[in-house]
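Below is one structure, written out as structure tokens, with a few remarks after it.
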Amino acid sequence: DPQPGKPAAKSEKDKTDKARQAVNVAAPAATAPAAAKAISLGRPALQEEIAAWNIDVRADGEGLPPGKGSVKEGEELFLQNCAQCHGEFGEGAGRWPVLAGGRGTLKSERPEKTIGSFWPYASTVYDYVHRAMPFGSNLSLTPDQTYAIVAYLLNLNDLVAEDFVLSKDNFPKVDLPNEANFYDDDRETSEKAFWKKNPCMKDCSGEVHVTARAQILNVTPDGDPPKGNLE
Amino acid sequence: DPQPGKPAAKSEKDKTDKARQAVNVAAPAATAPAAAKAISLGRPALQEEIAAWNIDVRADGEGLPPGKGSVKEGEELFLQNCAQCHGEFGEGAGRWPVLAGGRGTLKSERPEKTIGSFWPYASTVYDYVHRAMPFGSNLSLTPDQTYAIVAYLLNLNDLVAEDFVLSKDNFPKVDLPNEANFYDDDRETSEKAFWKKNPCMKDCSGEVHVTARAQILNVTPDGDPPKGNLE
Amino acid sequence: AAVAGGGAALAAPAAGTPDPNIVPVPDWTKTLGAPVNENPYGKPSVFEKDVVRREVTWLTASSQSSVSFTPLYALDSAITPNGLCFVRHHGGQAEIEPDKYRLMIHGLVDKPLVFTLEDLKRMPGRVNRAYFLECAANSGMEWRGAQLNGCQFTHGMIHNLFYTGVPLKTLLDMAGVNPKGKWVLAEGADAAVMTRSIPLEKAMNDCLVAFGMNGEALRPEQGYPVRLVVPGWEGNMWVKWLRRLKVGDQPWQQREETSKYTDLLADGRSRRFTFVMDAKSVVTSPSPQAPLKHKGPNVLSGIAWSGRGTISRVDVSLDGGRNWTTARIDGPAMPMSMTRFYLDFDWAGQELMVQSRAMDDTGYVQPTKQELRAIRGTNSIYHNNGIQTWLVRSNGETENVEVG
Amino acid sequence: AAVAGGGAALAAPAAGTPDPNIVPVPDWTKTLGAPVNENPYGKPSVFEKDVVRREVTWLTASSQSSVSFTPLYALDSAITPNGLCFVRHHGGQAEIEPDKYRLMIHGLVDKPLVFTLEDLKRMPGRVNRAYFLECAANSGMEWRGAQLNGCQFTHGMIHNLFYTGVPLKTLLDMAGVNPKGKWVLAEGADAAVMTRSIPLEKAMNDCLVAFGMNGEALRPEQGYPVRLVVPGWEGNMWVKWLRRLKVGDQPWQQREETSKYTDLLADGRSRRFTFVMDAKSVVTSPSPQAPLKHKGPNVLSGIAWSGRGTISRVDVSLDGGRNWTTARIDGPAMPMSMTRFYLDFDWAGQELMVQSRAMDDTGYVQPTKQELRAIRGTNSIYHNNGIQTWLVRSNGETENVEVG
Ligand code: HEC
Ligand code: HEC
Ligand SMILES: [Ca+2]
Ligand SMILES: [Ca+2]
Ligand SMILES: [Ca+2]
Ligand SMILES: [Ca+2]
Ligand SMILES: [Ca+2]
Ligand SMILES: [Ca+2]
Ligand SMILES: [Co+2]
Ligand SMILES: [Co+2]
């Protein structure tokens, strides 16, 4: 059967396997070689090589390097390296992302999703700031600098005091307020109604009227071809 | 069945239908609309429009326009318009095509396939010269000019005398010598051996040696990328 | 837009007046054209120069973290041509020399390994598979109502390609996954060092480590030389410029699976790890950028896809969802691959409210936007697979609207 | 060519010396790359700039009547990317404004008709189909013996695309074919005014009038805006820039079906109307332009196709045809469409004589060159589908040879 990913029948085990709830269950790839371990390709990774790339930090703190940094140090670093985009207080300059505030807006018409209002784990701030920021100079911050900036961002979000010093050791104690409000994909149960036997085909509603029009907003780029490599 | 062109089982009728011998018999396209004649697209073609494009000439002379031309006139026209590529006597300049000579070479190591030695129908010369020649100025010859050039090419191939005048009327009488040596595709019978039930898989031959090598000829373009639009 | 009356696109020329495009014979039939190798690598006709990817510049602050959309309205078939696949970067397009490319596998494995590109190309079990890649934010601007006027912008974060590559399982098996391993972190070599956590089960099932698309090498903007293929799942997980795979016992809670790619619902709670892309469809023609130009026969053309399996049926409505006709599905319907559908119809010039509704072989039926909003509210950003409505006016102009 | 010994493409770095491509982190991971819409229409990586079509300039006197070959050695999958489809012109590339395009149908029909491009795009019954197009002269330079050193040149007059178009039958039915009609003349609008006679039965069966390839508009060099698709039959019949279809009661005996595309046999007689392309295959890697570079695991990759139906099996020999192994056929095998096959093998550095042998579902088995020559001699030019041999030397260099 050369077709990939045909959904297999669901077993009881599948149903109880939480990690698979959102997984498109498929037959194992028939093409994978039987004795794969025997393939003599690639080479062992050296510890130094792994260390150079192994930068991820997990919610339980795994991956955090030794080091520490204070809100104060973080403030200075943030003003130098981040504020031009994210604003002095993380309020966001122009269309650059907002990093602080927004508490209590998640049920509103215009939620403001920030570290304080939305993010479930502080570890993500450490991981992402070191990994991807400052935009244009990513991977340039030392561990101490990163701890300091994360401390400052937590402080901007009213989560730690001004004299707080963040370190590998106290990191696990930092909880973000919105953590409990995340739950795993439940569409197969909460949206079970979308699995319909016979969707209506004839006279499915009363009269239909236009209720919203994109043209009124007038935010669509015009039809001219962008400048580019075809000219 | 969304798959196109699945070969159908062969019926007796199929086997006797000459035109189908080389046809990959397939189920009729399931997608063609049932009442196709009712589609209101396109418009009638005007006679003048058909006349402008209807330039094909058939082996039975159908499509030949009124007109005539002599070998003499053809010679002059050929020298002016054709000889720079095909040679004064149709012998071909450089790598441009040879148009005359080659009689008796078809069974040799290096057959020379010309109008006289190979082509089955004189009508093709008329059609093609008018349609596609002179290379760079195709569709520029009048009927009289084309008749004359064809007459000259027939003469170059020793098929008509020097005083011959070709016209719509005597065209059907012009036969080319190789006509009888063409026959319809017969691979399904003459190459029936290529339909094999169980091709050999093991120890199919004795020792195998290299008998010819492309490298010796050294006519392959080198690996450098040609100049082009990616630079 | 001027609409030609009656069936004929071109009225028959006035009696006795032949079409000037037929008489006299056009120049291109009488003049030698360009030589065979003018473009050693070919490009589209100059007459198609407006069929290009487009950016919505107000969407993001930087064009290096932005998106350029596929011009779906001008495309047909289920395959996306390589030059027109939508582009989403978070740190610009990494330019990697193939000889310097390395892929590392480590974490909860017996043998941490490093592979070169050549290693991957020599790996037993190479396959070619057609899959759609849809960004989870596709149609995300439309949650609160019709906003962008063209399927290039409302639905253009999708493409469908044949990928050439090696099952990820092969590489993981070579490294030897520890029984505690349950998740895989995939990481890119771009300046976003993009990361996503993928359940090991999916990784071992049908993911590919791909180096080819539609027959040739991956394009730079698609992750040259190597990207991850995660069939049916949100595009953000298909890490480009793949440099690292790490096996772990829990997800990493990276920025792209917490701050982003979580779905905020009306009650303030959020779904996470919503990986699979639900069944969805859109009519690509007519659509705002491809208005109707003629009364009489017309071809309605659209695409449908499902991350849960194979598209089994697509219905089309011309009256805003009151009545439906089952469309003709064209070509091979492959699982987790875009599927083309058609409806041939005659147009008398009346106003149309065009919709399409996809169904897949799990029985899932694409919901209306109202049905979606009733469950999710309007703040989800991601996974908007609601039924799209195009309003075709009697002059043929077509607009993105919502109906109720 | 230097061959790396052992299995690893890259020897493990000397003890304690990390790979300089890993430590320090490469620049492309620390520097923003190009923005998302640098190329509104994308193009390949600069590192792939040698993967292009190539002309063999000594073949013809003019580059406007010549051929530029597909770089099969660098491609994978069964789909050919649009930029790399081989090109054969007889009068250069016609450049036709789509609004001025006209298609005429006349001859033995009830109603001679003229269509615009818009008419064709509005025609009911639009389909997408994958078909190979092979020039009948593909491998024609190899009749007398191995001549060109690379599958780009020996087999590169083939491509395989998804075509979007309308069944030719629909148009012929609209015109109303007279019962006497048995053949259709197809004619191009280029300066060669290319013509071929096609049996009506084939025309009514599976031919398409196509305006799209791999999802986008036909490329100019493939006949923009419209070409004929004649599945499984020789490429010369797939008339590009299609302008006219004429129904008649006999073939027209045009230059391309008399002087050319007839097959001269050893006895001096010639076969005509040899339309169908027989089953054929070639190993694309290893091949002269894609030599072996490493001992240990290697992937042999190749393509097979048949104009008579679907590829059912491909066998591969590494010893010049003495012993054969059945290859793994990848992806959907579609009728009259190119099919990819693989053989994973370990190479110890010994000399190889690599061959492949295709079979189709009619039972046809690709013959050896000797078998072909025994029936046809060496003067046929066309339809050379004999089994190709590549000699892989112990240094990995690979050469086009013949064996006996
Ligand atoms: C030149 C502009 C710029 C600078 C300077 C910059 N950032 Fe950013 N920041 C961005 C952009 C753009 C993004 C979004 C990137 C993306 O997702 O593609 C971002 C995203 C973030 C995010 C994630 C926001 C979210 O909601 O997911 C955090 C946290 C962040 N930046 C922190 C920082 C810190 C800390 C610094 C300084 C050390 C910094 N940034 C410097 C532009 C900038
Ligand atoms: C500038 C060069 C050139 C000129 C001038 C030219 N030809 Fe040709 N001719 C060619 C080329 C090139 C071909 C092959 C075209 C192809 O098949 O792509 C050809 C092919 C032919 C053929 C078919 C040969 C065969 O074996 O199939 C005939 C007959 C012919 N030319 C006749 C003429 C005549 C008559 C004229 C003048 C009225 C003419 N040519 C002027 C270049 C030229
Ligand atoms: Ca940088
Ligand atoms: Ca915690
Ligand atoms: Ca001219
Ligand atoms: Ca005769
Ligand atoms: Ca256009
Ligand atoms: Ca290269
Ligand atoms: Co999601
Ligand atoms: Co032939």
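Counting only Cβ charges, +1 for Lys and Arg and -1 for Asp and Glu, the dipole size of the protein assembly as shown around its Cα centre is about 2240 debye.
Note on chain D: GNM, Cα springs under 10 Å; of D:GLN93, D:GLN250, D:GLN366, the largest mean-square fluctuation is that of D:GLN250. Residues whose amide H falls under 5 Å from that of C:THR326, counting only those 5 or more places apart or on a different chain, are C:VAL316, with hydrogens built in the peptide plane.
Where the centroid of each part is defined by its Cα atoms, how far is the stretch D:94-121 from the stretch B:144-196 in Å? When both Cα centres are located, 32 Å separates them. When only the Cβ of Lys, Arg, Asp and Glu is charged (+1, +1, -1, -1), the dipole of the stretch C:98-269 relative to its Cα centre reaches about 380 debye.
Prolate is the label for the stretch C:46-111. Its Cα gyration tensor axes, ordered a ≥ b ≥ c, give a/c of at least 1.5 and a/b above b/c. Whole-Hz Karplus values for the stretch C:115-125 come out as 10, 8, 4, 4, 4, 5, 6, 9, 6, x, x Hz, taken residue by residue from phi with 6.51 cos²θ - 1.76 cosθ + 1.60 and θ = phi - 60°; glycine and proline positions read x. Under 5 Å between amide hydrogens, built in the peptide plane, is the criterion, and for C:GLY33 it picks out D:GLY92, D:GLN93, D:ALA191 among residues at least 5 positions away or on other chains. For the stretch A:67-180, the number of Lys pairs separated by eight or more positions or lying on different chains, with C-alpha atoms closer than 20 Å, is 4. Each Lys or Arg adds one and each Asp or Glu subtracts one; over the other residues with Cβ under 11 Å from the Cβ of D:VAL87, this totals +2. Less than 5 angstrom separates the built amide H of C:GLY331 from those of D:ASN128, all sequence-distant by 5 or more or on a different chain.
Shielding by partners for peptide D:334-340, expressed as the average number of C-beta atoms from other protein chains within 10 Å of each residue's C-beta, is 4. Modelled this way, with points 7 Å down the Cα-to-C-beta line, the labels at D:LYS111 and B:TRP195 are 4.2 nm from one another. Counting neighbouring Cβ atoms within 10 Å and putting the fewest first, the residues C:CYS207, B:CYS200, C:CYS151, C:CYS85 line up as B:CYS200, C:CYS85, C:CYS207, C:CYS151.
Inter-chain neighbour count for D:239-247: the average number of beta-carbon atoms from partner chains within 10 Å of each residue's beta-carbon is 2. Spin-label pair B:LYS173-A:SER40: with each label point 7 Å from Cα along the Cα-Cβ axis, the two points sit 8.2 nm from one another.
Within a straight-line Cα-Cα reach of under 16 Å, B:LYS202 can be paired with the following aspartates and glutamates, leaving aside sequence neighbours fewer than 8 residues apart in one chain: D:ASP315, D:ASP319. Rounded to whole numbers, the Karplus 3J(HN,Hα) couplings from phi for the stretch A:50-66 are 4, 4, 5, 10, 7, 9, 6, 10, 9, 4, 7, x, 4, x, 5, x, x Hz, using 6.51 cos²θ - 1.76 cosθ + 1.60 with θ = phi - 60°, and x at Gly and Pro. Going from the residue with the fewest nearby Cβ atoms within 10 Å to the one with the most, A:ASP56, D:ASP119, D:ASP27 rank D:ASP27, A:ASP56, D:ASP119. Near A:PRO66: Cβ cut-off under 13 Å, other residues only, Lys/Arg at +1 and Asp/Glu at -1. The net charge is 0. Shape summary of the stretch D:280-401, radius of gyration then Dmax from alpha carbon positions: 14.4, 42 Å.
Output the pairs from C:LYS111/D:LYS30; A:LYS196/C:LYS169; B:LYS196/D:LYS295 with a Cα-Cα distance over 31 Å in this structure; if there are none, say none. Going by Cα-Cα distance, A:LYS196/C:LYS169; B:LYS196/D:LYS295 fall outside the 31 Å limit.
Placing a label point 7 Å from Cα along the Cα-to-Cβ direction at D:GLY16 gives distances to the equivalent points in the other copies of 10.1 nm, listed shortest first.
Projecting the Cα atoms of C:PHE153, C:MET194, C:VAL247 onto the charge dipole of the stretch C:98-269, computed from C-beta unit charges around the Cα centre, puts C:VAL247 farthest toward the positive end.
Shown in residue order for the stretch D:193-206 are the 3J(HN,Hα) couplings computed by the Karplus curve 6.51 cos²θ - 1.76 cosθ + 1.60 at θ = phi - 60°: 6, 3, 9, 8, 8, 10, x, 4, 4, 5, 4, 7, 8, 9 Hz (x for Gly and Pro). The convex hull built on the alpha-carbon positions of the protein assembly as shown has an orientation-averaged projected area of 47.8 nm². Arranged from fewest to most other beta-carbon atoms within 10 Å of their beta carbon, C:ILE79, D:ILE381 become D:ILE381, C:ILE79.
Expressed per residue, the C-alpha convex hull volume of chain C stands at 161 Å³. Residue ranges A:155-161, C:48-54 sort as C:48-54, A:155-161 when ordered by packing (mean number of other C-beta atoms within 10 Å per residue, highest first). Dipole check for the stretch D:179-293: with +1 at the C-beta of Lys and Arg, -1 at the C-beta of Asp and Glu, and the Cα centre as origin, the magnitude is about 120 Debye. Position A:PHE89: other-copy label points at 10.1 nm, ordered by increasing distance, label point 7 Å along Cα→C-beta. A Gaussian network model of chain C, with springs between Cα atoms under 10 Å, assigns the largest mean-square fluctuation among C:PHE47, C:PHE273, C:PHE132 to C:PHE47. Across identical copies of the chain, D:VAL46 has label-point separations of 2.8 nm, listed in ascending order, with the point defined 7 angstrom from Cα along Cα→Cβ. Per-residue shielding of B:91-100, expressed as the average number of other chain Cβ atoms within 10 Å of the residue Cβ, stands at 2. Over all other residues within a Cβ to Cβ distance under 15 Å of A:ILE216, the charged ones net out to -1, with Lys and Arg as +1 and Asp and Glu as -1. Mind running the shape call on the stretch B:106-163? Use the C-alpha gyration tensor, a ≥ b ≥ c as the square roots of the eigenvalues: rounded below 1.5 for a/c, prolate if a/b tops b/c, oblate otherwise. It comes out oblate by the Cα gyration axes. For the protein assembly as shown, the 222 nm mean residue ellipticity estimated from helices alone, with every DSSP H stretch of n ≥ 4 adding -39500 (n - 2.57) and the total spread over all residues, rounds to -3500 deg cm²/dmol. Does the stretch D:98-271 come out rounded, prolate or oblate by the C-alpha gyration tensor, with a ≥ b ≥ c the root eigenvalues, rounded set by a/c under 1.5 and, if not, prolate when a/b is larger than b/c and oblate if not? Oblate.
Bear in mind these aren't lab numbers, they're just calculated from the coordinates by the rules spelled out. Nothing here was measured: the structure is a model prediction, and the numbers come from that model. Here Cβ is always computed from backbone atoms with ideal geometry, including for glycine, and neighbour counts include all displayed protein chains.
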